[in-house]
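To start, the structure itself, in C-alpha cells.
Only the coordinates and a few stated rules stand behind these numbers; no lab work does. Note that this is a predicted model, so its numbers are computed, not measured. Cβ: placed from backbone, ideal geometry, glycine included. Neighbour counts: every protein chain shown.
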Amino acid sequence: MNTQEAMKQQGEEISARMKLVRRKVLVMSGKGGVGKSTVAVNLAAAMAAAGKKTGLLDIDLHGPNVPRMLGIDGMRLESDGEDILPYAAAPNLWACSMALLGVDPSTALIWRGPRKTSAIKELLGGVKWGTLDYLFLDSPPGTGDESLTAAQSIPGLTGAVLVTTPQEVALDDARRSASFAASMKLRILGVVENMSGFVCPGCGLETPVFSSGGGEKLAAELKTSFLGRIPLDPLAVSRADAGRTLFDIESGKTREAVRAIAAKFEEACAGL
C-alpha cells in the first residue's frame, strides 16, 4: 500500500469512528496556565454524571495531564486484538492519552510536527470509542499541529469551547484561538472564564484576584454563549492533584459553577 492509499484508509477509519459520536468538541485556550485541562476534565465528568456516554481524548502530547486529573495515571490502555480500548475512568466516562500508552509522562516528548500529526490521527482512527454522546478533545495551548490536525481530520466536528482567565493578556490569546476557529469554519460553542475569583477556604468569600468579566466580554465580542465562571478554588486544585473531579463530591461552590456551565453547554449544543 502506498502512502496515498494509507492516508485514504486512515481517513476512512477516522470517519467511521467519529460517525458513532454525536458531538465532538475541541477544548481550546490561547495560552497555557488558564486551566483548560481542568475545564475539559470537569466538563466531561459533568456530562458523564448526567448519564451521557462521554469520551475524553487528551491530544496535548507535550503535557498530557488528563490521566493524573482522572486518577488513572500509571494505567495502560489495552487492545481487543485489533483496536485500542479507551480506559474506563468513571461510570459513562472513557479516556485516552499518550500517557496511557506507555509514554513516560516525566520525560519530554521531543517530536516535530509530522510525527505529532501522525500520532493524533492514530488515536482518532485506532481507538474504539463505540457510541458516544460526547467526545471532548483536550488540546494544548495555542493553535499548532495538534489542534489543526483535529480540526482537519474529524468530519462533523461540532465546535470548540474557549477557556480563558479574566486578564486582557489571556483574552488576547483567546482571540487568536477564535481566529483559528473561524479559519477552520469551526463553531465556537461558548467561552468559559476560569480563575474568576479566589474562594477563601475558611469563610467561603470569593475575591476577584485576577479581575472578572473578561470572559463574558469576549463572548459578547464573538457573539457566542458565555458559559460561565469558575472560581480559583484550593479544593478544586487539591482534587485535581489527587486525581478526583469535582463530581466526586456532593456539593461545593465550584462544583455547582461547573454544573451550571455544563447545562449552558448542553443548551449551546442543542440541535447540533
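Let me know the Kirkwood hydrodynamic radius for the chain, please, with Cα pairs as the basis and the value in Å to one decimal. Please report the intermediate quantities before stating the final value.
On the way: mean 1/r = 0.0535 Å⁻¹.
After inverting the mean inverse Cα-Cα distance, the result is 18.7 Å.
Straight-distance candidates among the lysines for linking to K53, with alpha-carbon spacing under 24 Å and chain neighbours fewer than 8 residues away dropped: K19, K24, K36, K121, K128, K264. Does anything in the range 54-84 have its amide N under 16 Å from the 7 Å Cα→Cβ label point of A108, and if so which residues? Within reach of a label on A108: 61-64. Annotation: the residues W111, W129, sorted from fewest to most other C-beta atoms within 10 Å of their own C-beta, follow the order W111, W129.
Each of L137, A119, G228 was placed along the dipole of the chain (beta-carbon charges, centred on the mean Cα), and the one lying farthest toward the positive end is G228. Taking label points 7 Å from Cα along the Cα-to-Cβ direction, E168 and A263 give a separation of 3.5 nm. Plainly put, the range 103-213 has a radius of gyration that is 1.05 times its Kirkwood radius, both from alpha-carbon atoms, as the Rg/Rh ratio.
If R0 is 45 Å, what FRET efficiency do you get for E221 and D80 from their C-beta distance, rounded to 0.05? FRET efficiency, E221 to D80: 0.45.
Can you give the calculated 222 nm mean residue ellipticity of the chain, where each DSSP H run of n ≥ 4 adds -39,500 (n - 2.57) and the sum is split over every residue, rounded to the nearest 500 deg cm²/dmol? Show your work: numbers first, answer last.
Working: 9 runs with 108 residues, N = 272.
Theoretical 222 nm ellipticity from helices: -12500 deg cm²/dmol.
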